[in-house]
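For reference, the structure discussed in these notes is given below.
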Amino acid sequence: MSYKSAIVFGFNEYAKQIAFQIAPEYGSFVVFVLSEAEQHAAQEAGFEAELFDLSEDWNVIQERFDTESLIVFCALENDAENVFLTISLRSIFEDLPIIALAGDHESAAKMKSAGANKVMPILQITANVITEILEKPTVTEVLHDILYEQSSLKIAQIAVPEDSFLVGKHIQDIDWGEEYGVLVLAIVDHQLAATFSFTSRGHNHHIDPEDILVVVGYEDNIAALSEAMGVNK
Amino acid sequence: MIGRLIVGIAFYLHASARYRHIKKFFYNLLENPAYPYKKFFDYTMIMLIVISVYILIRHVKYDVSQEWLFFNNYVISLIFLAEYLVRLWVYSDNSKAIIDQYEHDLFLQRPFKVTTVVRHIIVTKSGFILSPAAIIDLLAIMPFFHEMRLLRVFILFRVFKLFRYAKSLTQFVSILASKKFEILTLGVFASVIIAVSSVLIYVMEANNPASPINTLFDAVYWSVVTIFTVGYGDFVPVTTEGRTVAMVIIVAGIAVISFATSIVVSAFTEKLDEIKEDKLIDDVSKIDQFYLICGYGPLAHQVAHRFQINDKKVVILESNKEKVIEAQKEGFLALAYDPASLHSYHALRIDFESQVIAAILLEESDVLNIYTALTIREIAKQVPLLSILLHHENRRKLALAGINEIVYTQELIGLMSKEVSGRPVAFEVIHALRSENSGVFIEEVVLDALMAERFFESAKLPLFHKRLILLGVYKQTGKSFFFNPSNTLAVEAGDVAIVVGTRSLIDEFKALMRKKRKR
């Protein structure tokens with residue numbers, strides 16, 4: 001799950017914020033832009049910026065990056081261009097993780113069919129945040145702290161190793177809060193590939209190797225749990 | 001001497017807060033449609049009128065008990081008389097008129113004359129006395145003198161009084177009033193035709209012994225019945241000349257009727273938008289609690305939609321009429337008012353303190369949002385304001401304008417991108433919780449004293465333990481969040497518990513905490 005390099009396409013306000021947030025996380029980080037003005041702006045902001053056009057055959061990516069550990073963000077201003085970019089990347093790189101921005105639900109669906117792994121519909125996300133701030137202010141604050149702030153409370157995903165003591169147990173056999181000081185929000189069943197189920201749904205899930213637990217807890221407790229589970233550091 | 005006494009009384013009344021308060025109360029009760037208790041007064045009056053008319057009808061053929069007659073003739077009449085006098089009283093401010101006159105005279109160094117001011121007051125008050133509504137009010141009091149048999153009919157004027165209390169009737173009159181000129185033209189046209197035809201038919205028929213039309217009154221009656229296309233047939237012309245006149249009148253009658261119909265119809269079509277808007281404003285003032293969205297666009301649509309799903313009321317203000325129509329088509333309560341104008345809020349009679357949960361500023365420019373925020377802050381200091389921020393360099397300005405929550409989507413997307421690339425599954429889980437589409441919700445439960453006391457006890461019940469995730473408690477004292485709390489944490493009323501679970505389980509949890517312990 002750890003990528004070494006990342007590309008952001010576009011340098012509008014959204015792309016800029018994405019770049020600022022993720023650049024420190026990756027060894028190599030490049031912004032690809034459509035115009036020289038944007039290239040200039042990106043370079044001024046301290047990023048490496050390259051020009052591209054939509055008819056590109058993407059040799060430049062193959063030459064510069066190890067596509068095995070690359071992640072890309074499609075954040076062009078225009079939804080149609082963004083869809084086109086996504087589909088042209090997908091046509092060449094089958095397994096490349098693509099995260100795309102979409103104006104609304106409609107373009108989000110197109111983005112998905114164009115092959116994006118994850119689509120972020122901007123309108124819906126903003127609307128959700130606005131209603132959440134007003135309706136559930138405390139939830140908003142707590143989640144914001146857990147997700148984005150430098151508090152010691154974290155959300156983490158831990159994969160269950162082959163030889164872990166958890167294998168074969170049921171999720172409700174363990175009182176996670178009491179024993180490990182963490183709460184398990186959801187579990188991703190490896191067998192049911194990439195779909196997760198909430199623990200509070202009440203299914204007593206059978207834990208298999210390579211299942212992923214999504215836990216919330218303090219850093220120390222999460223680390224302690226990972227160790228107990230036999231995850232190699 | 002009398003002058004000084006009058007001025008003294010005027011100054012006393014003008015300065016008396018109690019007097020002003022009482023007068024204001026009666027003014028609101030009688031004249032202010034926005035006053036919440038006015039409708040009770042109106043309903044009472046309508047009921048009295050109905051009783052009065054019922055007694056009149058019943059009295060035609062049957063006996064009515066003395067008590068009811070007394071009630072009808074004296075009690076109702078006295079109530080109406082009192083109402084009339086109070087209306088006359090609140091119509092204008094006498095004490096102010098006297099003081100103004102006094103100060104005016106003083107300034108010009110002239111002696112204060114009682115007669116001038118009395119004349120002035122009479123002129124002002126006669127504005128009320130001579131208004132059609134007031135005349136009807138006065139006539140409706142007349143049955144008080146029921147000994148005069150003819151005056152009994154005045155009870156019917158009480159029916160006309162209904163116009164005062166029923167809004168739709170008032171509206172009807174005001175619509176017709178907008179076509180005053182057309183109605184007048186029609187009236188003159190019809191009168192001329194009736195006059196001419198009456199005279200003609202009288203001249204042609206009155207001397208003919210075979211004709212039933214013998215007097216001028218018969219002739220007018222026949223003309224009116226014919227011109228308005230009723231044609232009873234109790235009076236018919238028998239001479240050839242008379243019948244010729246009849247044919248002309250019948251044709252003219254159709255013109256009158258169609259003209260009248262078209263006036264009423266066009267008056268209503270022209271006023272339809274206004275009536276609809278009045279209705280919308282009425283609807284808004286009846287909503288207890290709502291979110292006010294300023295500016296309508298795709299984002300506002302999404303936000304309003306989300307609130308609707310959560311059963312929250314939303315009112316949208318947007319100055320662009322086309323966008324308003326779009327919003328109304330989507331089923332939202334949208335009004336074509338400029339959210340950045342004070343006038344809008346006064347016209348809509350929005351009470352920020354009691355009605356608005358929060359105002360959400362979603363105009364497509366920071367400039368407009370700041371302007372709107374300042375407008376709202378002018379009327380409501382306390383109401384929570386949330387605004388989107390479009391350019392981050394304006395953040396400080398938005399905060400200065402008194403906006404409590406600022407949502408900067410770009411930054412949010414940046415943060416989320418980091419999350420989604422680093423911990424995709426965790427991100428998905430949180431996103432699913434937030435979007436509320438998965439059936440599992442993250443909810444905050446505000447605890448009252450009883451719930452706080454039974455909080456841990458309830459959470460440990462087998463029904464909830466391990467199924468309802470108790471993420472933590474946010475303590476109001478200290479403003480800090482306690483993750484995965486143990487029962488050693490002192491939970492108090494006002495603290496907020498954050499739980500994750502299915503809707504039914506969360507509801508059950510809340511209900512159980514509130515339930516009184518069985519003894």
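Only the coordinates and a few stated rules stand behind these numbers; no lab work does. These numbers were taken from a predicted model, which means no experiment stands behind them. Cβ coordinates were reconstructed from backbone atoms using ideal geometry, including for glycine residues, and neighbour counts include every protein chain displayed.
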Chain B: angle of helix B:449-459 to the longest principal axis, Cα-based, in degrees nearest 10
50 degrees
Can you put B:232, B:221 in order, fewest other beta carbons within 10 Å first?
B:232, B:221
Going residue by residue through the range B:95-108, the Karplus relation 6.51 cos²θ - 1.76 cosθ + 1.60 with θ = phi - 60° gives ³J(HN,Hα) values, rounded to whole Hz and with x marking Gly or Pro, of 4, 5, 4, 5, 4, 4, 4, 4, 5, 4, 5, 4, 5, 8
Between B:120, B:184, B:78, whose Cα lies farthest towards the positive end of the dipole of chain B when Lys and Arg beta carbons carry +1 and Asp and Glu beta carbons carry -1, centred on the Cα centre?
B:78
So for R0 = 45 Å, FRET eff. of residue B:381-residue B:70 from the Cβ-Cβ r, to 0.05, ends up at 0.25
May I ask for the distance between the Cα centers of the range A:10-41 and the range B:45-82, given as a whole number of Å?
84 Å
Summed over the other residues with a beta carbon less than 11 angstrom from that of residue A:206, with K and R at +1 and D and E at -1, the charge totals -3
Rounded if a/c under 1.5, otherwise prolate or oblate - the range B:2-165, Cα gyration tensor axes
prolate
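For a 31 Å ceiling on Cα separation, which of these pairs sit above it: A:112/B:466; B:61/B:179; B:179/B:313; B:125/B:276; B:24/B:286; B:24/B:321? Intermediate values should be presented prior to the final figure.
Values: A:112/B:466 35 Å; B:61/B:179 42 Å; B:179/B:313 38 Å; B:125/B:276 35 Å; B:24/B:286 23 Å; B:24/B:321 37 Å.
Table pairs above 31 Å Cα-Cα are A:112/B:466; B:61/B:179; B:179/B:313; B:125/B:276; B:24/B:321.
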Label-point gap, in nm, between residue B:391 and residue A:203 - each point 7 angstrom along Cα→Cβ
5.0 nm
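Near residue A:17, within a Cβ-to-Cβ distance under 11 Å, what is the net charge of the other residues, with Lys and Arg +1 and Asp and Glu -1?
Values: positive: A:16, B:418; negative: A:13, B:411.
Once all neighbours under 11 Å are counted, the net charge is 0.
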From largest to smallest, what semi-axes in whole angstrom does chain A give when each is the square root of 5 times an eigenvalue of its alpha carbon gyration tensor?
36, 21, 18
Given labels modelled 7 Å from the Cα in the Cβ direction, how far is it in nm from residue B:173 to residue A:63?
8.8 nm
What does the charge dipole of chain A about its Cα centre add up to, to the nearest 20 debye, if the Cβ of each Lys and Arg holds +1 and the Cβ of each Asp and Glu holds -1?
320 debye
Rounded to one decimal in nm, the spacing of the 7 Å Cα→Cβ label points at residue B:5 and residue B:322 is 7.2 nm
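Out of every Cα pair in the range A:5-127, what percent are spaced more than 27 Å from each other? Walk me through the numbers on the way to the answer.
Details: 716 of 7503 pairs.
When all Cα pairs of the range A:5-127 are counted, 10 percent exceed 27 Å.
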Net charge within 11 Å of residue B:102 by Cβ-Cβ distance, Lys/Arg positive one each and Asp/Glu negative one each, not counting residue B:102 itself?
+1
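For n ≥ 4 DSSP H runs only, could you compute -39500 (n - 2.57) per run for chain B, divide by its residues and tell me the 222 nm figure to the nearest 500? List each step's numbers first, then the result.
On the way: 23 runs with 321 residues, N = 519.
Here the helix-only value at 222 nm equals -20000 deg cm²/dmol.
Taking 0.36 nm per residue of separation and subtracting the Cα-Cα distance, what length does fully extending residue B:492 through residue B:184 add?
Details: separation 308, 0.36 × 308 = 110.88 nm, distance 7.36 nm.
Roughly 103.5 nm would be gained on extension.
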Below 29 Å, Cα to Cα, which lysines can residue A:118 reach? Residues fewer than 8 away in the same chain don't count.
A:4, A:16, A:110, A:136, A:154, A:233, B:418
Taking a ≥ b ≥ c as the square roots of the Cα gyration tensor eigenvalues, with a/c under 1.5 meaning rounded and otherwise prolate when a/b beats b/c, else oblate, which class fits chain B?
prolate
With a cap of 10 neighbouring Cβ atoms within 10 Å, and only residues DSSP puts in a loop, list the trypsin sites (Lys or Arg not before Pro) found in the range B:343-422.
B:381
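Determine the relative contact order of chain B: mean sequence separation of Cα pairs under 8 Å and six or more apart, normalised by residue count, in whole percent.
Details: 601 pairs, mean separation 36.4, N = 519.
About 7 percent, as a whole number.
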State the Cα centre-to-centre distance between the range A:59-81 and the range B:195-237 in whole Å.
96 Å
What is the range B:141-295 by shape, rounded, prolate or oblate, if you read a ≥ b ≥ c off the alpha carbon gyration tensor as root eigenvalues and call it rounded for a/c under 1.5, prolate for a/b larger than b/c, and oblate otherwise?
oblate
